[in-house]
């Protein structure tokens, strides 16, 4: 069966891989199987464009933190802790947060849904989070002007830079590449699907928070995956292999349903890689799905690590997952 001949609801109907012979120009399949799949597999890039992707990574391309360019007195650190504690208390009492408190609550530890927020960061972790969440101004932290002043890139800036680099390289190597680019937030939208290098370049130039009218107030990873499957159903890979690469910083609770989707995705010839960019994060449903579908779940929080992991995902030698 072909992708375009079946429906997909995430839980039942299987979207089966399309199987076709792909011949060389001489009419014989002479290339190694890995080379064949590398060229004709369809990459599907799912990029989070929710508001939090404007926040910064924790370190620069040399994995050097930038806290030393600010002045952190004991009084300032104590003040920050107090403001975070007040924001947590407001959340726990059900109060509506002020604008400043909405910023301060970003400092809490990553939490499981339904758990009370906590704040156990060390002084060094506290400094990193202030920089990462762009809260230098909110907490009135002074700059040490005796040192060079730099800022690490935002998460979306890194995604845009690496996506342009690697997609350009793929088109240079395989001019007839087929791929899709899907920005997502609360929902997802296919912005590019099986066009030219110039067309995808134009899409990536526009990559930003809330791109193409995608609601940027939340993160719905399953809606992105669903959009990817629909794109592949409309324009499937000729070798039946579809490589989904998700980059997100969202703790999307909707992924609890993902294990039910794995058989559908596997039958669709989907390999799944997930790169979480931001604080330490555990999502067992995503991690298990990546393992079942021949990809990896990784967490990065600096420019160098993101670059190496993104490139590794893009160049992964993919074969259809065993059924």
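Identify all residues within the stretch 200-212 that are surrounded by 14 or more Cβ atoms within 10 Å (Cβ to Cβ) and on the phi < 0 side of the Ramachandran plot; write none if there are none.
At the first step, the residues of the stretch 200-212 found to be surrounded by 14 or more Cβ atoms within 10 Å (Cβ to Cβ) are 200-201, 203-204, 207-212.
Of everything in the stretch 200-212, those that are surrounded by 14 or more Cβ atoms within 10 Å (Cβ to Cβ) and on the phi < 0 side of the Ramachandran plot turn out to be 200, 201, 203, 204, 207, 208, 209, 211.
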Filtering the stretch 194-216 for residues that are in contact with a helix residue (DSSP H, G or I) (Cβ under 9 Å, 6 or more places away or on another chain), more than 19 Å from residue 162 (Cα to Cα) and not in a loop (DSSP other than H, G, I, E, B) leaves a count of 1
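Can residue 15 be described as modelled with pLDDT of 85 or more and either buried (at least 16 other Cβ atoms within 10 Å of the Cβ) or within 19 Å of residue 240 (Cα to Cα) (or both)?
Numbers: modelled with pLDDT of 85 or more: no; either buried (at least 16 other Cβ atoms within 10 Å of the Cβ) or within 19 Å of residue 240 (Cα to Cα) (or both): yes.
No: the conditions fail for residue 15.
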Residue count, the stretch 115-142, condition loosely packed, with under 13 Cβ neighbours inside 10 Å, closer than 23 Å to residue 100 by Cβ and at pLDDT below 90, comes to 4
Scanning the stretch 300-312 residue by residue, those touching a residue at least 24 places away in the same chain (Cβ under 8 Å) and either touching a helix residue (DSSP H, G or I) at 6+ places or on another chain (Cβ under 9 Å) or surrounded by fewer than 16 Cβ atoms within 10 Å (Cβ to Cβ) (or both) turn out to be 300, 301, 303, 304, 306, 307, 310, 311
Considering the stretch 224-266, residues that are more than 23 Å from residue 162 (Cα to Cα), in a helix (DSSP H, G or I) and out of contact with any helix residue (DSSP H, G or I) (no Cβ under 8 Å at 6 or more places or on another chain), and then whichever is modelled with the lowest pLDDT, we arrive at 253
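Step by step: first the residues of the stretch 178-193, then only those that are in contact (Cβ under 8 Å) with a residue 24 or more places away in the chain and part of a loop (DSSP other than H, G, I, E, B), then the one that is surrounded by the most Cβ atoms within 10 Å (Cβ to Cβ). Which residue is that? Give the derivation first.
To start, the set of residues in the stretch 178-193 that are in contact (Cβ under 8 Å) with a residue 24 or more places away in the chain comprises 178-190, 193.
From the residues that got through so far, the ones that are part of a loop (DSSP other than H, G, I, E, B) too are 178-179, 185-187, 189-190.
On the way: 178: 19, 179: 24, 185: 27, 186: 13, 187: 15, 189: 18, 190: 17.
Filtering the stretch 178-193 for residues that are in contact (Cβ under 8 Å) with a residue 24 or more places away in the chain and part of a loop (DSSP other than H, G, I, E, B), the one surrounded by the most Cβ atoms within 10 Å (Cβ to Cβ) comes out as 185.
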Reported set for the stretch 282-309 where residues are more than 18 Å from residue 268 (Cβ to Cβ) and touching a strand residue (DSSP E or B) at 6+ places or on another chain (Cβ under 6 Å) is 287, 296, 297, 298, 299, 300, 306, 309
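The values are calculated or read from the model by the stated rules, or taken from the named source; none is laboratory data. On a predicted model such as this, the values are computed, not experimentally measured, just so you know. Reconstructed Cβ throughout: ideal geometry from the backbone, glycine too, with neighbour counts over all protein chains shown.
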